[in-house]
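Computed from the coordinates by the stated procedures, all read-outs in this text should not be read as laboratory data. All values reported here derive from a predicted model rather than from experimental measurement. Methodologically, a virtual Cβ is constructed for each residue, glycine included, from the backbone with ideal geometry; neighbour enumeration extends over all protein chains shown.
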Amino acid sequence: MRESDKEERYPFAAYEKIMDRVCEILEGVPGHKLLDVGIGTGKLARKLMANGYSVTGVDFSQNMLNEAAQANPDAVLITWDFSKGLPDFIKTHDYSAVLCNYAIHHLTPCEKKVLISDMAKCLDPEGIIVIGDVMTETLEEMNYAMGKDADLWDEDEYYIVVDEFREQMSEYHMEFEKFSYCSGVLVMEPPKK
Ligand SMILES: C[S@@+](CC[C@H](N)C(=O)[O-])C[C@H]1O[C@@H](n2cnc3c(N)ncnc32)[C@H](O)[C@@H]1O
């Protein structure tokens, strides 16, 4: 377990609980084809594949992908920088869900919008997007976390404030679950066509 999770501090406060919740949500989704954006070493993918899911993973770090490949020999792994959205060949509208755990904070708000819209193009009609990350419902909560952890705060990352995200992406239905003062899980349903 990561130190900052053990100590319930930014940035990884409740990281393990969030991973478990992301898995639980995905296991409730019909279908077995998942896309993991920012797959890293594939820890989540390993849990999901053990339960019969097929996983396609995207990451720009070859080192991460090498580890993910070792842990998940059956995963399809794609080297790609998701700050420019997702590759056309995976926008197939047949993934049951797209997950993005502790990775979307690397993108600016504009890049996030492009990525989310591309994620929606990967999904089947019932599909959902599941995001676990440093994230708060309100700006007040984000400011509280930033003040509490001023000594650790990473100014180069862009965390989702769900209230703002709801305004920016009002066509999506969103449900947020808080797991700590600075982190949670957001489930997004794209607009039905
Ligand atoms: C903190 S790790 C999280 C990994 C994994 N999802 C997890 O929950 O353990 C963030 C991952 O996002 C990847 N990443 C960050 N920015 C990226 C980008 N623009 N394009 C592709 N991958 C990126 C990093 O290489 C890293 O593997």
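Could you please find all residues in segment 35-56 being part of a strand (DSSP E or B), over 12 Å from the mean Cα position of the chain (by Cα) and either within 11 Å of the ligand (Cβ to nearest atom) or not small (Gly, Ala, Ser) (or both)?
55, 56
Search segment 154-167 for residues being outside any helix (DSSP H, G or I) and touching a residue at least 24 places away in the same chain (Cβ under 8 Å), and hand back the single one that is surrounded by the most Cβ atoms within 10 Å (Cβ to Cβ).
Looking at the filtered set, the residue picked out is 160.
Considering each of 43, 47, 33 in turn, give the residue that is in contact with a Cys (Cβ under 7 Å, 6 or more places away or on another chain), surrounded by fewer than 23 Cβ atoms within 10 Å (Cβ to Cβ) and charged (D, E, K, R).
Step by step, each of 43, 47, 33 is checked, and only 47 is in contact with a Cys (Cβ under 7 Å, 6 or more places away or on another chain), surrounded by fewer than 23 Cβ atoms within 10 Å (Cβ to Cβ) and charged (D, E, K, R).
Scan segment 1-34 residue by residue and report those that are under 30 Å from residue 90 (Cα atoms), part of a loop (DSSP other than H, G, I, E, B) and not small (Gly, Ala, Ser). Please lay out each step first, then the result.
Just the residues of segment 1-34 that are under 30 Å from residue 90 (Cα atoms), to begin with: 12, 15-34.
Filter again for part of a loop (DSSP other than H, G, I, E, B), leaving 12, 28-32.
12, 29, 30, 32, listed by residue number.
Could you list, in sequence order, the residues of segment 50-73 that are of a type in the set (Ser, Thr, Tyr) and surrounded by fewer than 18 Cβ atoms within 10 Å (Cβ to Cβ)?
Once the filter is applied, which keeps residues that are of a type in the set (Ser, Thr, Tyr) and surrounded by fewer than 18 Cβ atoms within 10 Å (Cβ to Cβ), segment 50-73 yields 54, 61.
Does any residue in segment 90-107 that is charged (D, E, K, R) come within less than 7 Å, Cβ to Cβ, of a residue that is more than 9 Å from the ligand (Cβ to nearest atom) six or more places away or on a different chain, and which pairs are these?
Pairs found: 91/118; 91/121; 91/122; 94/33; 94/124.
How many of the residues making up segment 118-141 are part of a helix (DSSP H, G or I) and over 22 Å from residue 16 (Cβ atoms)?
Here the count works out to 7.
Let's see how each residue does on (1) in contact with a Ser or Thr (Cβ under 6 Å, 6 or more places away or on another chain); (2) without any contact (Cβ under 8 Å) to a residue 24 or more places away in the chain:
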{"position": "7", "(1), (2)": "no, yes"}
{"position": "10", "(1), (2)": "no, no"}
{"position": "15", "(1), (2)": "no, no"}
{"position": "24", "(1), (2)": "no, yes"}
{"position": "46", "(1), (2)": "no, no"}
{"position": "49", "(1), (2)": "no, no"}
{"position": "57", "(1), (2)": "no, yes"}
{"position": "60", "(1), (2)": "no, yes"}
{"position": "67", "(1), (2)": "yes, no"}
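I want to confirm something. Restricting to segment 57-83 and keeping residues that are within 16 Å of the chain's Cα centre (by Cα) and charged (D, E, K, R), which single residue is nearest to residue 112 (Cα to Cα)?
My answer is 81.
Could you say whether any residue in segment 60-67 is among the charged types (D, E, K, R) and not in a loop (DSSP other than H, G, I, E, B)?
Yes; the residues of segment 60-67 include at least one that is among the charged types (D, E, K, R) and not in a loop (DSSP other than H, G, I, E, B).
Quick one: would you say residue 143 is polar (S, T, N, Q), out of contact with any helix residue (DSSP H, G or I) (no Cβ under 9 Å at 6 or more places or on another chain) and away from the ligand (no atom under 16 Å from the Cβ)?
Working: polar (S, T, N, Q): yes; out of contact with any helix residue (DSSP H, G or I) (no Cβ under 9 Å at 6 or more places or on another chain): yes; away from the ligand (no atom under 16 Å from the Cβ): yes.
Yes.
Is it the case that some residue within segment 74-92 is crowded, with 17+ Cβ neighbours inside 10 Å, within 14 Å of the ligand (Cβ to nearest atom) and acidic (Asp, Glu)?
no
If a residue has to be over 21 Å from residue 37 (Cα atoms) and touching a residue at least 60 places away in the same chain (Cβ under 8 Å) to count, how many in segment 127-153 make the cut? Lay out the reasoning, then the answer.
Our first condition is that a residue be over 21 Å from residue 37 (Cα atoms); within segment 127-153, this holds for 137-153.
Imposing the further condition that a residue be touching a residue at least 60 places away in the same chain (Cβ under 8 Å) reduces the set to 145, 148-149, 152-153.
The total comes to 5.
Taking residue 115 as meeting all but one of (1) part of a helix (DSSP H, G or I); (2) more than 13 Å from the ligand (Cβ to nearest atom); (3) of a type in the set (A, V, I, L, M); (4) under 12 Å from the mean Cα position of the chain (by Cα), write down the number of the exception.
It fails just one condition, (2).
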